[in-house]
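Throughout, read-outs are computed from the coordinates displayed, never taken from laboratory work. The structure displayed is predicted, hence computed values, not measured ones. When we count neighbours, we look across all protein chains shown, and the Cβ atoms used for this are built from the backbone with ideal geometry, even at glycine.
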Amino acid sequence: MTTAPNGEVQLSTFVAEYHKFAALFVKKNNAAARNVPKIFNNYWDTCITYESSYFARLNYIYCNPVKHSYVKNAEEYPWGSFYFRHRSDGAYVEGLMKKFPFDEVKIEDDY
């Protein structure tokens, strides 16, 4: 989740170029990924206008490693931003998770 810059480049163009470059890099440098049809999934551009929507989606991102059974608790996943946020201010982010649950965010990601 990010904020779109004001400028000539559209966020969708930036993300498409980033995905293209990163996917080529991963396939070139990781033998297991060479035959994988897709490296990235589920990009969409949505304008979030409510604080509750923003934090619910942020919590969804934070808890995605738990949903996909990589870890039991989001703070255990060292490659996600929640790991660092929790280490710097665990009480604050845990409060956000309780105040803005992500359970009702309807995003298809069963890949």
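Values as computed for the structure displayed
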| quantity | calculated |
| --- | --- |
| Residue pairs, from the table 67/99; 38/67; 20/98, whose Cα atoms sit over 30 Å apart | 20/98 |
| Estimated vicinal HN-Hα couplings, Hz - the stretch 48-59 in sequence order (Karplus 6.51, -1.76, 1.60; Gly, Pro = x) | 8, 10, 10, 4, 5, 5, 4, 5, 4, 5, 4, 5 |
| Cα→Cβ-extended label distance, 7 Å offset, between residue 36 and residue 99, nm | 3.6 |
| Label-point gap, in nm, between residue 13 and residue 71 - each point 7 angstrom along Cα→Cβ | 3.7 |
